[in-house]
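Asker: I'd like to ask you about the structure that follows.
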Amino acid sequence: MAWKRCLLGCAAGMLLSSAAVDAYNIKCGPLQLQLGAQLTFIYTDNVNQSSGDLGLPGIKQDFGFECGPVISGGLALPVRVGNNPEELLTMRVSTGFSYKYWLNGGQQVTFSAPAGFQLSLPLHLGAWLVTVGDSFTFKNEPLESLVAVGVTSSEEYANTVTINGTRRFGRVALSLSGSRNDKWSPANPSTEETVYSFAVTPSVFLQESFSVFWANSVGFIFPKDRTSRSDGINVSTMVGVSGVITPSISGSVGIGFVHSQFDPVNSGTSTNNAGSGTDGITANIGLSYTQPLRPNTTHNLQGFYSPGVTATMNNSNYQTTYGARYVISHRLGHGITLMPNIGWTHSQSEGGASAKQEYDLLSIGVSLSRTFTRHLNAMITYRHQERTSPQQGQGYQVNDLRISFNYSF
């Protein structure tokens, strides 16, 4: 359509036509905040992410916009515990309020997503560095990860309380951690759960910025809905390397073993009442490469194989999930960055009331960002996302074009 070509051409011209936004524009003692505004124009050819498998008339294109204020920042307060020296209690917030309007699909008013609040307090207790923290996040309509069919948004709330302790013994380090994670999802109540996790990770630093680690963890899963899911436990161990591997490559690589076991599903009508479990290999890789002769280009590769994952499918105890993602970040010029990316994920249910669920999710996209001034930046983002599944009516395709402008006061 002519208007789409015109809009894209004008925006691309603006992006290619001149430093980072200043840090904070509201300062009051220890409180420092950055107040700004965002405006995004959106085009999609499948606004409801409807499935074409059933031949339904739900697939339709739409054009809309989203706008509203955004705020980020926080404060740092000195705190003294016992006879220890003062530490900084830091609180950070990132949120906003957005109004979204679709030409054919009405309007929506909500908090900007993702939004979050983080609280962190480091404590030096003898030779140990102990960090106590809390993190609350809100997500709504994350196109890059939203896998449900026939929905335009998927609200999700999560709160995680953590405590971590680390001690160095020369080249050897020991890390102990514990956490509680609570997840709420009004649109998908069967994925709501509480997870308690505990980990012990010894590591050996072969160099100051390169280490070999052995991570051991156990997690206790308690779903809110016990008619389609049940309590379970995950036990895993992994060995790997982390840090600056070569002058051009940094990241981490690990491989290990995981055991997952779940109780019988407490539903008299469930098709899978028996308890379920699995043993399998787990692996992950996350590497960043910058070519010495071309420092303006960075390659990022991520890959993972994870049995025993929970809360990614409705009515499923746990899932085996694996996939890969590749991103190139290329600086075209001062303040101009091009970022093509491709990602693929496969997930299949291994137990629960929907033990036969599985899907593949392919995502291909590219973004072009431009910083005009200390206060104004813009970005053009295109994404093609495709979900395929053996189950009828569980696949969709969507193409999404967004042109965003962000202004910091």
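The values are calculated or read from the model by the stated rules, or taken from the named source; none is laboratory data. Since the structure is predicted, the reported quantities are computational estimates derived from the model, not experimental observations. With ideal geometry, Cβ positions are generated from the backbone for all residues, glycine too; neighbour counts draw on all protein chains shown.
Asker: Condition first: over 24 Å from the mean Cα position of the chain (by Cα) and among the basic types (K, R). Can you find one or more residues in the range 171-186 that meet it?
Answerer: Yes, because at least one residue in the range 171-186 is over 24 Å from the mean Cα position of the chain (by Cα) and among the basic types (K, R).
Asker: Looking at the range 242-254 only, could you name the residues that are over 11 Å from S209 (Cα atoms), surrounded by 14 or more Cβ atoms within 10 Å (Cβ to Cβ) and among the aliphatic types (A, V, I, L, M)?
Answerer: V253
Asker: Test of understanding: among A158, A187, which residue is small (G, A, S) and surrounded by 14 or more Cβ atoms within 10 Å (Cβ to Cβ)?
Answerer: Answer to the check: A158.
Asker: With the condition kept exactly as written, say whether any residue in the range 117-135 is among the acidic types (D, E) and within 16 Å of V161 (Cβ to Cβ).
Answerer: There is at least one residue in the range 117-135 that is among the acidic types (D, E) and within 16 Å of V161 (Cβ to Cβ).
Asker: Between residues in the range 187-207 that are over 30 Å from E156 (Cβ atoms) and residues that are assigned to a strand (DSSP E or B) and basic (K, R), which pairs lie under 9 Å by C-beta distance while being six or more apart or on different chains?
Answerer: Between residues of the range 187-207 that are over 30 Å from E156 (Cβ atoms) and residues that are assigned to a strand (DSSP E or B) and basic (K, R), the close pairs are F205/R168.
Asker: For the range 145-250, list the strands (runs of 3 or more DSSP E) that sit wholly inside it and hold at least 2 residues that are of a type in the set (F, W, Y); which are they?
Answerer: Because the criterion is at least 2 residues that are of a type in the set (F, W, Y), the strands (runs of 3 or more DSSP E) in the range 145-250 that meet it are 156-169, 193-207, 210-223.
Asker: Which residue pairs have Cβ atoms closer than 6 Å, lie 6 or more positions apart in sequence or on different chains, and pair a first residue in the range 119-142 that is surrounded by 15 or more Cβ atoms within 10 Å (Cβ to Cβ) with a second residue that is among the charged types (D, E, K, R)?
Answerer: Partner pairs satisfying both residue conditions: L119/D134; P122/E87; L123/E87; K139/E156; N140/E155.
Asker: May I ask you to list the residues in the range 365-401 that are surrounded by 15 or more Cβ atoms within 10 Å (Cβ to Cβ) and among the hydrophobic types (A, V, I, L, M, F, W, C)?
Answerer: Result: V366, L368, F372, A378, M379, I380, V398, L401.
Asker: Let me ask something additional. Please go through the range 113-163 and give me each residue that is modelled with pLDDT of 90 or more, of a type outside the set (A, V, I, L, M) and more than 21 Å from the chain's Cα centre (by Cα), ordered by number.
Answerer: P122, W128, T131, listed by residue number.
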